[in-house]
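First the structure, in the form of structure tokens, and then the observations on it.
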Amino acid sequence: VGTAVVTRNDGRLALGRLGALCAVGLGRQRLRYRRLVNSSFADLQKPQVELDGKACAAVGQNSLMALYDTLFSELDISSAQLLVTDSDFRDRDFRKQLSETVKSLLSLKVIPIFNENDAVSTRKAPYEDSSGIFWDNDSLAALLALELKADLLVLLSDVEGLYSGPPSDPKSKLIHTYVKEKHQGEITFGDKSRVGRGGMTAKVKAAVNAAYAGIPVVITSGSAPENIIRVLQGQKIGTLFHQDAHLWEPTKEVDTREMAVAARDSSRRLQALSSQERKKILLDIADALEANEKLITVENEADVAAAQQAGYEKSLISRLALKPGKIASLAKSIRVLANMEDPIGRVLKKTQLADGLILEKTSSPLGVLLIVFESRPDALVQIASLAIRSGNGLLLKGGKEAKRSNAILHK
């Protein structure tokens, strides 16, 4: 939880939104009050020196846990404080003990509350030194999620989620699913948080790191009531980060002419490759099929289930299903094809028309093939492999009942 979520615009604590807060801010608030009480009128006329961040953190950590203890005790739940520093995570034994401690606390129904131990941190100054294993609350949260093998990481912000531009810009749109390949070069970030270290830029960086390591992440508003519960219920709020997000987002529609032109260009590029280069493409495809067999099977099973629910004929469903061993069989066939004699440039017939004038008939690609096939997703693999080996561009039209299977096989 970022500091901006649990503080008001005047910097004071918003108790109604308390989930976590930066101890430095709370400590600074208390120390300023203490200094004011103990100051003479003459002292107050002097320029006020900014309070030491380490001292503020030391005071604030104590105040922070007092607030947590009060709020959680209302629910008859205990809380525990775990303060960490960047250097702690460099110790393998520490990371192992961290996991065991958290498991023990959770088994006792105790809420572990993590924070960076700013009071003894070796950083040059709060929010200044950005080097190390983690550098803000967001990257610390992502690191802990990975260490503790979390099912889900929720990062609470002071806005609804990640926008295509600054949230204050009316043209900015909320991004419901973050696709790294699509969004990383398009998003324009606004100013960083009014408090804390990184704002949305830090949250996105932490979310991407966690998501691509296997931990799903949702960035959503910490100001709206019950948002965490809504996330756990599967409601579409905030921005989701997931390593398979690129498979879910609809791609940009391309018209038929663009497809045909692209296929023709690809055909020319294939023809310019050597036989060994086209052979390597096929061998890579065979390897990719075997490496992703589990993912392909999941998508195919979804197609089969949808076809059964829609009441399609049994013969169609039989053709649609990729039965056990099918992926291995396809990969084997592709390798056999890759090792066959190159079909391009073979001399089929040679005729001497006159001295020094020889007419040769050689095999060459057709150019672009357009093939319509039904509900057999394995046909996509077979046809594509033949087209690559023979240097032909390819346009394929598969049956809609095999949409998910075709999409993952094409990928």
With a ≥ b ≥ c taken as the square roots of the eigenvalues of the C-alpha gyration tensor of region 130-247, please select rounded if a/c is under 1.5 and otherwise prolate if a/b is larger than b/c or oblate if it is not? rounded
Carbon and sulfur together cover what percent of the accessible area of region 195-328 at a 1.4 Å probe radius? 55
Could you tell me which of the pairs LYS280/LYS326; LYS350/LYS411; LYS182/LYS403 are separated by over 30 angstrom between their Cα atoms in the structure shown? LYS350/LYS411
Taking a label point 7 Å from the Cα of GLU226 along the Cα→Cβ vector, which residues of region 153-177 have an amide N closer than 20 Å to it? 154-157, 160-161
Using Cα positions and a limit of under 28 Å, work out the lysines in reach of LYS103, with same-chain residues fewer than 8 apart set aside. LYS149, LYS203, LYS205
On the formula 1/(1 + (r/R0)^6), with r taken between the Cβ atoms of LYS180 and LYS397 and R0 of 35 Å, the FRET efficiency rounded to 0.05 is 0.75
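Got the relative contact order for region 256-410 handy, in percent, Cα pairs under 8 Å and 6 or more residues apart?
33
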Quote to one decimal, in nm, the extra length available between LYS294 and VAL347 on full extension: 0.36 nm per residue of separation minus the C-alpha distance between them. 14.8 nm
Across region 301-306, in residue order, what do the Karplus-derived ³J(HN,Hα) couplings come to in whole Hz, using 6.51 cos²θ - 1.76 cosθ + 1.60 with θ = phi - 60° and x for Gly and Pro? 4, 5, 5, 4, 4, 5
Rounded, prolate or oblate, given the Cα gyration tensor of region 68-108, with a/c below 1.5 counting as rounded? oblate
Full-stretch length increase - GLN308, GLN276 - with 0.36 nm per residue and alpha-carbon distance subtracted: 7.2 nm
Taking a ≥ b ≥ c as the square roots of the Cα gyration tensor eigenvalues, with a/c under 1.5 meaning rounded and otherwise prolate when a/b beats b/c or oblate if not, region 256-410 comes out prolate
Order of 359-367, 266-274 by packing, highest average Cβ count within 10 Å first? 266-274, 359-367
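Can you tell me the relative contact order of region 205-299? Whole percent, Cα pairs under 8 Å, sequence separation 6 or more.
Result for region 205-299 is 21 percent.
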Protection proxy ranking of 303-316, 136-149 - average other beta-carbon atoms within 10 Å, highest first: 136-149, 303-316
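The values are calculated or read from the model by the stated rules, or taken from the named source; none is laboratory data. Not measured: the values here are computed from a predicted model. Here Cβ is always computed from backbone atoms with ideal geometry, including for glycine, and neighbour counts include all displayed protein chains. Accessible surface areas use protein heavy atoms only, side chains included; no ligands, DNA or RNA. Shrake-Rupley method; radii C 1.70, N 1.55, O 1.52, S 1.80 Å.
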